[in-house]
Amino acid sequence: MFVAAVSCLVACGGGGKGGMNFGDNEYPIATVGTSTAEMLTTYPATIKGMQDVEIRPKVAGFLTRVNVHEGQSVAAGQTLFVIDNETYQAAVRQAQAAVNQCKATIATTEAAMATAKLQYDNSQQLHANGVIGDFELQAAKNSYNSAQAQVNQAKAALGQAEAGLASARETLSFCYVKSPASGVVGSLPYKVGALVSSQSTPALTTVSNISAMEVYFSMTEKDILQMTKNAGGLNAAVSAYPSLRLKLADGSIYPHEGKVVKVSGVIDPASGTVSMIARFPNPERLLKSGGSGSVVVQRDNNSAIVIPQSCVMSVQDKKFVYVMGADKKVKYTEITVDPQNDGNNYIVTSGLKLGDKYVTNGLSKLSDGMEIVPITPEQYQKKIDESSKLGTDGSAKGFVDAMTGKK
């Protein structure tokens, strides 16, 4: 008799939450509505300067000067390193001497050509007066033509010599390693006296333009296709893409927003993702090339279906709710939710629609097709509060004591 009485007390006194069981299969029901939801999506990201230029020498030699230090801001054309240039200066002097020699040769041959022309002109007059014959005239003409050829040959040699001089000067200029762009100097692995060449690894340094930073992250092929279809084209999708926030390595949020500027036209076959490039301003020089973080994409959904996570059952990687039909029978219904959530609620992307009624508590006692008596969540909470009050004022204990004969 005692067991039956206690069972009656439990059956009549509670249900659902805390092991209570309301009478007549009463379960709280909520109606699906819409609300504004802030959806956040994060992607691992790599930070790079807008222009990261590896500085390598074009000639081999020993470093004689290092004109910069790590982290220094430099301008385009500024000399960063100087390589021993004695050999290259000697080559320039030799090439200059060759040019001078060619110019002297030209002067000599031009003088000889002028003399030959005078002789040829004079021979023409003499031939016309019958003083000399054809042989003498032809000999004078041949001498003049030969002098012209020597002048042309000397000028061609001068052109070659001047090209050699320009090449020697350019090679000498390579000894002064200059920055091709404005930016910030990276690490300096080589010191004065080190032997360097174009094949040296690592490079002399890296100059990074960090006035603005490019942040690389990847999206799945599926997301890119959906985004492109919704916007009516890739360019339109990039233009319509929302502003981005950047979560830094220390967990803080970077104070400036970024914007997607480029999308790779190739899908990585290994990962099935597409590279996205966003640009962030960097006025405080807080971001460094080579850094890492997470891109945060915020989307506001004004018609989102949001339900508490406590109303959802998870089975492996699937989500389910109990939806009540017009016949007051519940149906075990699968739903899909946005992977991003706040830890308390889910944003339902499919499986529920406006006006659907779903059970909010007591899910473990339900089964598919079970008929229930719907009550409001407020009524459910009132019953919970009354049951708690019953346990607090000792009424349940008095009932048990009476049943057991205790004083």
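The values are calculated or read from the model by the stated rules, or taken from the named source; none is laboratory data. Owing to the predicted nature of the structure, the values given are computational and were not obtained by experimental measurement. FYI the Cβ positions are ideal-geometry reconstructions off the backbone, even for glycines, and counts take in every protein chain you see. In case anyone asks, the SASA skips ligands and DNA or RNA and just uses the protein heavy atoms, side chains included. Shrake-Rupley method; radii C 1.70, N 1.55, O 1.52, S 1.80 Å.
Which helices, taking whole DSSP H runs in the chain, have alpha carbons extending 27 angstrom or more along the helix axis plus mean Kyte-Doolittle at least 0.0?
For the chain, where a helix must reach 27 Å along its axis and average at least 0.0, there are no hits.
In a shell of Cβ-Cβ distance under 15 Å around I106, excluding I106 itself, what net charge do Lys and Arg (+1) and Asp and Glu (-1) give?
0
Using a 1.4 Å probe on the protein chains only, how many percent of the accessible area of the range 205-259 belongs to carbon and sulfur?
Roughly 50 percent, rounded to a whole number.
Quickly rank 121-130, 237-246 as a protection proxy: mean count of other C-beta atoms within 10 Å, highest first.
Taking the mean over residues of other Cβ atoms within 10 Å, the ranking is 237-246, 121-130.
How far is the Cα center of the range 151-225 from the Cα center of the range 262-335, in Å?
Each part's Cα centre sits 43 Å from the other's.
Would you kindly calculate the mean projected area, averaged across all directions, of the convex hull enclosing the Cα atoms of the range 267-366, in square nanometres?
That works out to 10.7 nm², a quarter of the Cα hull's surface.
Give me D for the range 219-336 in µm² s⁻¹, whole number, from Stokes-Einstein with Rh from the Kirkwood sum over alpha-carbon pairs, 20 °C and 1.002 mPa s.
Here the translational diffusion coefficient equals 119 µm²/s.
Test of the criteria: in the range 319-359, which trypsin sites (Lys or Arg not before Pro) are in a DSSP loop and have at most 15 other Cβ atoms within 10 angstrom of their Cβ?
Counting only loop positions with at most 15 other Cβ atoms within 10 Å, the trypsin sites (Lys or Arg not before Pro) in the range 319-359 are K328, K353.
Which residues in the range 76-95 have a backbone N closer than 17 Å to a point placed 7 Å from the Cα of A163 along the Cα-to-Cβ line?
Once the point is set 7 Å along Cα→Cβ of A163, 95 turn out to lie under 17 Å by backbone N, inside the range 76-95.
Based on the alpha-carbon set only, what is the convex hull volume of the range 39-114 divided per residue, in Å³?
Once divided by residue count, the hull of the range 39-114 is 217 Å³.
How charged is the neighbourhood of D368? Take every other residue with its Cβ under 10 Å from the Cβ of D368, and add Lys/Arg as +1 and Asp/Glu as -1.
Computed value for this residue: +2.
Are there any GluC sites (Glu not before Pro) in the range 208-269 that are in a DSSP loop and have at most 16 other Cβ atoms within 10 Å? List them by number.
Within the range 208-269, the qualifying GluC sites (Glu not before Pro) (loop, at most 16 other Cβ atoms within 10 Å) are E257.
Before I look further, what does the range 256-297 give for accessible area per residue, probe 1.4 Å, in whole square angstrom?
Value returned for the range 256-297: 51 Å² of accessible area per residue.
What number, in nm² with one decimal, is the all-direction average of the projected area of the convex hull of the alpha-carbon atoms of the chain?
Convex hull of Cα atoms, orientation-averaged projection: 40.7 nm².
If one computes the Cα centroid of the range 53-131 and of the range 348-373, what distance in Å separates the two points?
So the separation of the two Cα centres works out to 90 Å.
Kindly flag which residue pairs out of K229/K259; K58/K103; K353/K389 have an alpha-carbon separation exceeding 27 Å in this structure.
The answer is K58/K103; K353/K389.
Which value in deg cm²/dmol, rounded to the nearest 500, describes the helix-derived mean residue ellipticity at 222 nm for the chain, given -39,500 (n - 2.57) per DSSP H run of n ≥ 4 and division by the residue count?
Value at 222 nm, helices only: -11500 deg cm²/dmol.
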